[in-house]
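Here the structure is laid out as structure tokens; the discussion comes afterwards.
The values are calculated or read from the model by the stated rules, or taken from the named source; none is laboratory data. What you see is a predicted model; the values in this text were computed from it and never measured. No Cβ is skipped: glycine too gets one built from the backbone with ideal geometry, and neighbour counts run over all protein chains shown. In case anyone asks, the SASA skips ligands and DNA or RNA and just uses the protein heavy atoms, side chains included. Shrake-Rupley method; radii C 1.70, N 1.55, O 1.52, S 1.80 Å.
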Amino acid sequence: EDGYKLWLRYNRITNKAVAAEYRSFLSAVYFPSTSPTATVAKQEIETASIGLLEARLRLASSVEQATLIVATPRTCPELGDLEQTKALSKLGKDGFMVFTAKLKGKQRLVVVANEDVGLLYGVFKLLTELQNGVHLKSIFISDYPKIENRILNHWDNLDGSVERGYAGNSIFKWEELPKRIDPRYIDYARANASIGINGTVLNNVNANSKILSTAYIAKVKALANVLRLYGIRVYLTAKFTAPMELGGLKTADPLNEDVKKWWKEKIAEIYQAIPDFGGFCVKANSEGQPGPQDYGRSHAQGANLLADLLKPHNGLLMWRAFVYNNKASDDRVVEAYNEFKPLDGQFSSNVLLQVKNGPIDFQPREPFNPLFGAMPNTQLMLEVQITQEYLGFDKHLVYLAPLFEECLQADTYAWGKGATISKVISKKISAGQQTAIAGVANVGNIKNWTGHPFGQANWFAFGRLAWNPDLTSADIAKEWLGLTFSNDPKFINTALDMMMNSREAAVDYMTPLGLTMLMDVSHYRPAPWRRDKPAPVLSAESFHRADRLGIGYDRSSAGSKATAQYQTPLKEIFDDPKSCPEKYLLWFHHVSWDFKLKSGLPVWDGLCRHYYQGVEQVAKMADQWNQLGPFVDAEQFKKVQSLLTTQHEEATLWRDANVLYFQSLSNRPIPAVLTPPGRSLDEVKALLKTQGSR
Ligand SMILES: CO[C@H]1[C@H](O)[C@@H](O)[C@H](O)O[C@@H]1C(=O)O
């Protein structure tokens, strides 16, 4: 067991009664659609049947002969007449139903959808249920995605490296394409389709214009031909200066006619090769990337140039809102809002503004990005990070669905109470617009795809939440655990507890109470002192702003005014340290070390307790995992065990680095209930030096 198969293991079903029931329903399948997508769906049932039941599937040529029918009402009109399918048309192109029904005198299992891609999703849903041992007799599932475009973003470079990737190199082998199709592309597509992902941006937002060259378009086409079978559209990042780099033009000014002409022809060339090309994702005027502002034009003018040319081809333009240039304000947190809020309403209808969950950058915890409550006339999409850039890379077990859920369920008050981010991104601001969500992939070419075996859960959870942003992280974890390891309730209960507490543990040992960006340049190890210059005094660059008297960043109306970017009543709640939720206290406020927390403890004591609690939680996770040996394959078990040992050591280092460093400023004793770190700050720093950054 090397983890390659992800959650599509199709292991032999050992419960005899369950296997017998499944065999009776899976003995002969009627699958009249013959499209490429229907064909791969059929193959998937065949593969699953061999794995789960050790049975070869028989193909039936009519409803009468079938125990299982997988069809659209177009290819199998009998299904259209059923009571159950009355509401089918409301489920759209991706929706499906799975149920048993009496057809031509016999109970048969049915997977029905409006389109073949819906059949594919329905088949994967059925196979999920089979893997998790669900009874079929009374099964009734009717489902459709709440968000239309569910997209992975690969920060993969053309040389095979992956920015912020920790699971080996890119799975896309550009030097072999278009000639050789790595079988892994197919398994990648299967995995994505099985969780509803239907788009992928193949290359890094820190873009290389070469991807748009004719030679690379042929490579992209070869990939698109594979991914299309599984309902996945490909997208590319577009470097704003491509007309200069590839086209030899003197400018990339979005209002220049030659620039427009170049993009128009380039886009036509792409659609010639890939008729269902998804569109572009653009990072512009951000972290050194070129953009419209280099020519005195706005983000909207830049986005619309490309969007208007993509529109006749049904392409989307995803324009990222991740900008900060530290000129207008020294608080990075307020910048994206200040940049984009004035542009609300200026974007073309096929533009989606791609907004990260928080206003800084994928930190262990951030309040939601205020743009979600502030752009009523712009179609917004959410970007989350699946790869654990700031959350322990491939070494720490951190289940991210609670982080995604916290953001999705946050109420923005954009149109009054109940305007959760889930609703904001799944609502179309006007007809003809499309909805979308993106996750920065954690996938690489190492055998098990994600490095940490539990990293797979984060990929899975992203897909499930993209399909239905109102699912709970606990339900998703249960489903994933059952598919990946074991659905024995004894296993699930304990493993679920580990997963559900893991994110809060990471927040506690890294950046509790609203602290943020305390990591070193690699974003892996603790370095709360990193931005002090020159001595430990309050520095303008500091994210924690701790000194002798207190700690926290004043973003209230008396400080950088980030609180004012939220709607009422949030702005008032966040603005007052007494009403501000403690998890965001030091994000929005600078408070004295004596500031009383709800527990009655001074903030200094509370801070120390959080750091210790985080480490204890990791120790508990390790204990819990130790009980799970009997349920897990030996190799996987050992791997997770050793990773948890590493995580515990590193969480302790995070704790000691921060507690000792902040103590050097506060000059207070470690609370008596805690055992002081058995080392000095200098020793911790020396140890970190020997370890280097990863
Ligand atoms: C792709 O660049 C990344 C950069 O590596 C990363 O540190 C940060 O998360 O954000 C950037 C972005 O989202 O554009």
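Annotations for the structure displayed:
- Residue check for W654: assigned to a helix (DSSP H, G or I), of a type outside the set (D, E) and crowded, with 23+ Cβ neighbours inside 10 Å: yes
- Single residue of Y235, Y230 found to be more than 16 Å from the ligand (Cβ to nearest atom), surrounded by 23 or more Cβ atoms within 10 Å (Cβ to Cβ) and within 30 Å of P183 (Cα to Cα): Y230
- Counted residues, the stretch 538-576 - those being open to solvent by less than 40 Å² (accessible area, probe 1.4 Å), closer than 17 Å to L607 by Cα and touching a Gly at 6+ places or on another chain (Cβ under 9 Å): 4
Per-residue answers, yes or no, for (1) open to solvent by 10 Å² or more (accessible area, probe 1.4 Å); (2) more than 29 Å from R694 (Cα to Cα); (3) within 16 Å of the ligand (Cβ to nearest atom):
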| site | (1), (2), (3) |
| --- | --- |
| L483 | no, yes, no |
| S486 | yes, yes, no |
| P489 | yes, yes, no |
| A495 | no, no, no |
| M500 | yes, no, no |
| Y509 | no, no, no |
| T516 | no, no, yes |
| V521 | yes, no, yes |
| R525 | yes, no, yes |
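- Being surrounded by fewer than 15 Cβ atoms within 10 Å (Cβ to Cβ) and under 26 Å from E389 (Cα atoms) is a property that does not hold for K639.
- Within the option set S194, S170, being small (G, A, S), touching a residue at least 12 places away in the same chain (Cβ under 8 Å), within 16 Å of the ligand (Cβ to nearest atom) and surrounded by 19 or more Cβ atoms within 10 Å (Cβ to Cβ) holds for one residue only, S170.
- Some residue of the stretch 142-164 being within 16 Å of the ligand (Cβ to nearest atom), among the charged types (D, E, K, R), in contact (Cβ under 8 Å) with a residue 60 or more places away in the chain and open to solvent by 50 Å² or more (accessible area, probe 1.4 Å): yes
- Filtered by the rule that a residue be among the charged types (D, E, K, R) and more than 18 Å from G278 (Cα to Cα), the stretch 156-209 gives D159, E163, R164, K173, E175, E176, K179, R180, D182, R184, D187, R190.
- For the stretch 245-292, the tally of residues that are within 16 Å of the ligand (Cβ to nearest atom) and not acidic (D, E) stands at 11.
- Selected residue [touching a strand residue (DSSP E or B) at 6+ places or on another chain (Cβ under 8 Å), closer than 16 Å to I425 by Cβ and part of a loop (DSSP other than H, G, I, E, B)] from F347, F368, F362: F347
- Residue within the stretch 304-319 that is assigned to a loop (DSSP other than H, G, I, E, B) and in contact with a strand residue (DSSP E or B) (Cβ under 9 Å, 6 or more places away or on another chain) present: yes
- Strands (runs of 3 or more DSSP E) within the stretch 145-237 that include 2 or more residues in contact with a His (Cβ under 9 Å, 6 or more places away or on another chain): 199-201
- Screening I50, I45 for residues that are open to solvent by 60 Å² or more (accessible area, probe 1.4 Å), in contact (Cβ under 8 Å) with a residue 12 or more places away in the chain and under 29 Å from K16 (Cβ atoms) leaves exactly one candidate, I50.
- Check on I437, of a type in the set (V, I, T), at pLDDT 95 or above and not in a loop (DSSP other than H, G, I, E, B): yes
- Flag not set for L79, criterion: at pLDDT 95 or above, open to solvent by less than 40 Å² (accessible area, probe 1.4 Å), closer than 23 Å to I147 by Cβ and under 37 Å from the mean Cα position of the chain (by Cα).
- Meets criteria (within 25 Å of C580 (Cα to Cα), open to solvent by 10 Å² or more (accessible area, probe 1.4 Å) and assigned by TED's automatic domain parsing to the domain that holds L309) for Q409: yes
- From the options Q346, Q354, Q388, residue that is farther than 25 Å from R164 by Cβ and in contact (Cβ under 8 Å) with a residue 12 or more places away in the chain: Q346
- Among the residues of the stretch 370-387, the ones that are within 16 Å of the ligand (Cβ to nearest atom) and open to solvent by less than 10 Å² (accessible area, probe 1.4 Å) come to 7 in all.
- Residue in the stretch 137-160 that is modelled with pLDDT under 95 and farther than 28 Å from G315 by Cβ present: yes
- Condition met for F280 (within 18 Å of V201 (Cβ to Cβ), open to solvent by less than 10 Å² (accessible area, probe 1.4 Å) and either assigned by TED's automatic domain parsing to the domain that holds A438 or not in a helix (DSSP H, G or I) (or both)): yes
- Yes/no for Y10 being surrounded by 17 or more Cβ atoms within 10 Å (Cβ to Cβ), assigned by TED's automatic domain parsing to the domain that holds V111 and among the aromatic types (F, W, Y): no
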